Amino acid sequence: MSSREQILARVRAAVAGAPEVRIPRDYRTTGAEAGRVERFAERVRDYKAVVHVVPAAEVAATVADALSRRGARRLVVPDGLPERWLSAAPSVERLVDDPPLTAALLDAADGVITGCAVAVAETGTIVLGTGPGQGRRALTLVPDYHLCVVLDEQIVPSVPEAVARLDPARPLTWISGPSATSDIELNRVEGVHGPRTLEVVIAL
Amino acid sequence: MRVALFVTCLNDTLFPGTGKAVVTLLRRLGCEVEFPEGQTCCGQMHVNTGYRDEGVRLARHFLDVFAGYDAVVAPSGSCAAMVREQYPKLADGMGATRPGAFASVHGGRSGFARAVAEVTPRVYDLSEFLVDVLGVTDVGAYFPHRVTYHPTCHSLRGLRVGDRPTRLLRNVRGLELVPLPGADECCGFGGTFAVKNAAVSAAMCADKVANIESTGAEVLCAADNSCLMHIGGTLSRQRTGVRVMHLAEILAATERDVGGPMSREVPAVDPAVNGEAR
Amino acid sequence: MSAGPGTFLGMPAFPKNAEEALEDSQLRFNLRKATHTIRARRQAVVDELPDWAALRAAGKAIKDETLRNLDRYLIQAEEAVTRAGGHVHWAADAAEANRIVIDLVRATGETQVVKVKSMATQEIGLNEALESEGITANETDLAELIVQLGDDWPSHILVPAIHRNRSEIREIFLEHMGEWGRPAPADLTDDPKALAEAARLHLRERFLSAKVGVSGANFLIAETGTLVVLESEGNGRMCLTMPRTLISVVGIEKVLPTWRDLEVFLQLLPRSSTGERMNPYTSTWTGAVEGQEFHLVLLDNGRTKVLADEIGRQALRCIRCSACLNVCPVYERVGGHAYGSVYPGPIGAILTPQLRGTASELDASLPYASSLCGACYDVCPVAIDIPEVLVHLRAKTPHAPAERLGLKVAAWTLDRPSRLRRAQRLASRLRGLLPRRRLPGPGAAWTDTRDVPAVPEESFRDWWNRTEGGAR
Ligand code: SF4
């Protein structure tokens, strides 16, 4: 008997006669709509990320400002990122992922700019889904600085609403603040292997 | 209402004063209390140490003795929790992998399960009985001392008695209740754990004692003499001068007791020396 | 590197280990500080959710339902992973799992792998197995790195180096980083930020050139074949994303039926484990993605044996959050090493004896490594009644003859009120003779630190009889 058959047979023998289980789903499947954007901003800030809440028309200026403050000149720009977001930063050198950027090139970049698939207010989470303007996973991992533009309508109040919006067939990365560790005396310290600086622009 | 006192084997043998205090208190509140003499032990020590068959036999005995009462009052959170929380598990789970556990008890497993369903919902810890059944939080007690309260794990997390004991204590005249830091942490007794893992048990108790001392209380109160025996034994060994008292003993005390035969005066000397320590 | 299960074999019983650990005051200080910090944080983020109890009930039921139909869900997961271009392997035990991974690594021609912390690979001793075949496993989690560099054992599920404080970590980095790769800067301070930076630099080169990654997974979604890994540092993302070949070793109990079920577990797990609303990074992927080759190794290694025990099987609901460790008064004082297993604390006390059996003295003593205070059950996000399982396992393990005799005599005495009365009267008569401060034999374990209560002149039942319940 193969291990597969053996394991399945053991499982069947182990649970034979056990009663079926009903799953109660009495938890909230929607969160509070009121204060959604403010809550998201506040909770992303709790993770020591930099957050700007601006009207959609000011995204380009805010992005340009953030990049110049950071001194970011060589920026990874994933395919499908709205052109207008970078319209106020013409001098920034764009690194495009075609042909795919090597790890060394990504490492040498000053940062990466992306959009996102969905964001969660209650947990201050941004989810990247490798869709347009998000790029493959390494693009937002290797550079030390991640600038992310989140649109008002992408922010859902709660985790269940985010899960429902996402497509599991795509690789997803849920990001809640900059890279951090709790490994030293169980206290959160920001900045390990992922981007150590996360800056979020919320476009209303 | 027929109220039975389940004094518990530990109180019966080592701390009769606690049983007497319950009787005094309940009578003062207008309750007729019976003491079913067939009672022995709930079986907690045996079940929790891994002697399930013996425990089931003692449980069956308990169910027989206490059948037919309107309420069974136990001055012990852990014994009440054993009956109310663990008997049902014994009935439907723990015996399952070894049906032999029920072979020697009359009625077998199904008879046991029926008795559990019948008797256990009416078993109360003292504070539950006072607050929920009798509906009193002021029992007319007087105890002019600085007291801190240790909630004990099985009252807190098993029975979930919540703030019932401290509500009762707050209404005791003269009593100053001081909060105990780290109150919800286990004292380290744990039945046979106290001897099987004596070093860890002692380390846990050392922290509990340090917290008790930090309150400046004269008396440590709890609703379980097993934990009090452990903490009190350590308090006494360390000559802290802090005395331990069961909740029932404080609630039974009145103005009349001060200086009288049932005096609750805190002794000035090391309690271990005058034979009062637990 | 000595973090494998082999190291733990032949360890003495828990009480002995615990006693030694208790003497290490630095250890106790570190543990106390860390566990108290995390307790408060967990409580705060749990209290924030008004529906925590409902989430917990759902989490428990989802896991139970999965276990009830595990055969079906495993097959479903296998089909979904395969459909998405991944390869699925089944391993009945540790040796088979190690063999599979070794062969897969060999096939790539590589001799280095990067690893993201995983309990399953620790459980099977994968690092040692790879080592013996000339393959170096590089741990990349900060705490695992501390453990690996310090030639130490993990002592916590989530934070394997919880027993180390910042200045100890600094010393380990200064002394040993150079042996494995880029050394720590000579002026390294014990500021946690500086320590994290040293780890970042030390591992960066290795991540960027890694060809093979090895991981575990927190969840495997049967419906879609999606794997889910929660982490903090980004080392997980590195290991999952950068290598061309990814091998994930996953216990069969990690399955969840549907994608939707994540809405429950992505709330339960981060809040319970690191006390955050959400952990910094969660990666999900389905099959072979972004040009990677993907292998899933499904691991039994004793789990089906646990599944067969009606009471014990609830341990398989565990999502390894470590909340039960952090709240446990025993763990807080002795740390993880005393449990002699990769699974320490309350969950270890119920899981290890079930996975490994109770043949060794240590494993047989684990079900007793608890005062049954119930704090673990209270915090467990999937409501594993750990005290219930402990008591159940105590009943299943053999007892020492002397203890057996003692408890039999006690049971005999308590069986009849007349016998109890006789014993009480005997004790009362002898009360003057009973020492209060030094008991002989096993009683010494009590009187080492505690006085014994005085035996009263009269038991309660005798008083009741004599006075007719105080009426006379
Ligand atoms: S037993 Fe429960 S609390 Fe402990 S690690 Fe597992 S899921 Fe977490």
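The values are calculated or read from the model by the stated rules, or taken from the named source; none is laboratory data. On a predicted model such as this, the values are computed, not experimentally measured, just so you know. Because the Cβ atoms are built from the backbone with ideal geometry, glycine has one as well, and the counts that use them run over all protein chains shown.
Quick notes on this structure:
- Filtered residues of the stretch C:355-366 (kept if within 12 Å of chain B (Cβ to nearest Cβ) and either in contact with a strand residue (DSSP E or B) (Cβ under 9 Å, 6 or more places away or on another chain) or more than 16 Å from the ligand (Cβ to nearest atom) (or both)): C:Thr358, C:Ala364, C:Ser365
- Scanning the stretch C:136-152 for residues that are part of a loop (DSSP other than H, G, I, E, B) and surrounded by 22 or more Cβ atoms within 10 Å (Cβ to Cβ) returns C:Thr140, C:Asp141.
- Residues that are more than 10 Å from every other protein chain (Cβ to nearest Cβ) and surrounded by fewer than 17 Cβ atoms within 10 Å (Cβ to Cβ), drawn from the stretch C:202-231: C:Lys211
- Residue count for the stretch C:166-192, restricted to those that are in contact with an Asp or Glu (Cβ under 8 Å, 6 or more places away or on another chain) and within 24 Å of A:Ala108 (Cα to Cα): 2
- Residue pairs meeting the criteria (Cβ under 7 Å; at least 6 apart or on separate chains; first on the phi > 0 side of the Ramachandran plot, in the stretch A:185-204; second buried (at least 20 other Cβ atoms within 10 Å of the Cβ) and of a type outside the set (Gly, Ala, Ser)): A:Leu186/C:Ile38; A:Leu186/C:Val159; A:Leu186/C:Ile162; A:Gly191/A:Pro178
- Hey, C:Arg260 within 11 Å of chain A (Cβ to nearest Cβ), more than 24 Å from C:Tyr343 (Cβ to Cβ) and in contact with a helix residue (DSSP H, G or I) (Cβ under 9 Å, 6 or more places away or on another chain) or not: yes
- Checking the stated criteria, C:Leu325 turns out not to satisfy the condition of being within 16 Å of the ligand (Cβ to nearest atom), in the same structural domain as C:Ala107 (by TED's automatic domain parsing) and in contact with a Cys (Cβ under 9 Å, 6 or more places away or on another chain).
- Among the candidates A:Ala41, A:Ala61, A:Ala9, A:Ala57, the residue that is exposed (fewer than 12 other Cβ atoms within 10 Å of the Cβ), aliphatic (A, V, I, L, M) and out of contact with any Pro (no Cβ under 6 Å at 6 or more places or on another chain) is uniquely A:Ala57.
- Across the stretch C:184-193, the number of residues qualifying as surrounded by fewer than 18 Cβ atoms within 10 Å (Cβ to Cβ) and either among the basic types (Lys, Arg) or in contact (Cβ under 8 Å) with a residue 24 or more places away in the chain (or both) comes to 3.
- Some residue of the stretch C:338-354 being within 13 Å of the ligand (Cβ to nearest atom), part of a helix (DSSP H, G or I), within 14 Å of chain B (Cβ to nearest Cβ) and touching a Phe, Trp or Tyr at 6+ places or on another chain (Cβ under 6 Å): yes
- Of all the listed residues (C:Val382, C:Val330), the sole one being surrounded by 24 or more Cβ atoms within 10 Å (Cβ to Cβ), more than 9 Å from the ligand (Cβ to nearest atom) and among the β-branched types (Val, Ile, Thr) is C:Val330.
- All of (1) at the interface with chain A (Cβ under 10 Å from one of its Cβ atoms); (2) outside any strand (DSSP E or B) hold for C:Ala184 with one exception: (1).
- Listed by position, the helices (runs of 4 or more DSSP H) inside the stretch C:357-472 whose residues that are polar (S, T, N, Q) and either farther than 26 Å from B:Thr152 by Cβ or more than 29 Å from the chain's Cα centre (by Cα) (or both) number at least 2 are C:417-429, C:460-467.
- The set of residues in the stretch C:43-86 being in a helix (DSSP H, G or I) and acidic (Asp, Glu) consists of C:Asp47, C:Asp64, C:Glu65, C:Asp71, C:Glu78, C:Glu79.
- Matching residues, the stretch C:308-319, being in a loop (DSSP other than H, G, I, E, B) and surrounded by 23 or more Cβ atoms within 10 Å (Cβ to Cβ): C:Cys318, C:Ile319
- Of all residues in the stretch C:265-298, those that are more than 7 Å from chain A (Cβ to nearest Cβ) and hydrophobic (A, V, I, L, M, F, W, C) total 8.
- Condition met for C:Arg437 (farther than 30 Å from B:Gln238 by Cα and surrounded by fewer than 20 Cβ atoms within 10 Å (Cβ to Cβ)): no
- Considering the stretch A:165-204, the residues that are among the hydrophobic types (A, V, I, L, M, F, W, C) and more than 7 Å from chain C (Cβ to nearest Cβ) include one that is surrounded by the fewest Cβ atoms within 10 Å (Cβ to Cβ), namely A:Leu204.
Quick grid of which residues meet (1) touching a residue at least 12 places away in the same chain (Cβ under 8 Å); (2) surrounded by 24 or more Cβ atoms within 10 Å (Cβ to Cβ); (3) more than 13 Å from the ligand (Cβ to nearest atom); (4) not in a helix (DSSP H, G or I):
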residue: C:Asp261; (1), (2), (3), (4): yes, yes, yes, no
residue: C:Leu269; (1), (2), (3), (4): yes, yes, no, no
residue: C:Met278; (1), (2), (3), (4): yes, yes, yes, yes
residue: C:Thr282; (1), (2), (3), (4): yes, yes, yes, yes
residue: C:Gly291; (1), (2), (3), (4): yes, no, yes, yes
residue: C:Phe294; (1), (2), (3), (4): yes, no, yes, yes
residue: C:Asn301; (1), (2), (3), (4): yes, no, yes, yes
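- Some residue of the stretch C:163-183 being hydrophobic (A, V, I, L, M, F, W, C), modelled with pLDDT of 95 or more, surrounded by 24 or more Cβ atoms within 10 Å (Cβ to Cβ) and in the same structural domain as C:Leu299 (by TED's automatic domain parsing): no
Yes or no, residue by residue, for (1) at pLDDT below 95; (2) under 29 Å from B:Met45 (Cα atoms):
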| residue | (1), (2) |
| --- | --- |
| B:Val172 | no, no |
| B:Gly191 | yes, yes |
| B:Glu213 | no, no |
| B:Ala222 | no, yes |
| B:Leu228 | no, yes |
| B:Ala248 | no, yes |
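- Count - residues of the stretch C:28-50 that are surrounded by 15 or more Cβ atoms within 10 Å (Cβ to Cβ), farther than 13 Å from A:Asn187 by Cα and at the interface with chain A (Cβ under 10 Å from one of its Cβ atoms): 2
- Qualifying residue in the stretch C:444-455 (condition: more than 10 Å from chain B (Cβ to nearest Cβ) and either loosely packed, with under 14 Cβ neighbours inside 10 Å or within 30 Å of B:Thr24 (Cβ to Cβ) (or both)): no
- Test: residue in the stretch C:369-377 that is at the interface with chain B (Cβ under 9 Å from one of its Cβ atoms), more than 16 Å from the ligand (Cβ to nearest atom) and among the aliphatic types (A, V, I, L, M): no
- Every residue from the stretch B:177-198 that is surrounded by fewer than 20 Cβ atoms within 10 Å (Cβ to Cβ) and at the interface with another protein chain (Cβ under 7 Å from one of its Cβ atoms): B:Val195
- Residues that are touching a strand residue (DSSP E or B) at 6+ places or on another chain (Cβ under 9 Å), in a loop (DSSP other than H, G, I, E, B) and not hydroxyl-bearing (Ser, Thr, Tyr), drawn from the stretch A:150-192: A:Pro157, A:Leu166, A:Pro168, A:Ala169, A:Arg170, A:Pro171, A:Gly177, A:Pro178, A:Gly191, A:Val192
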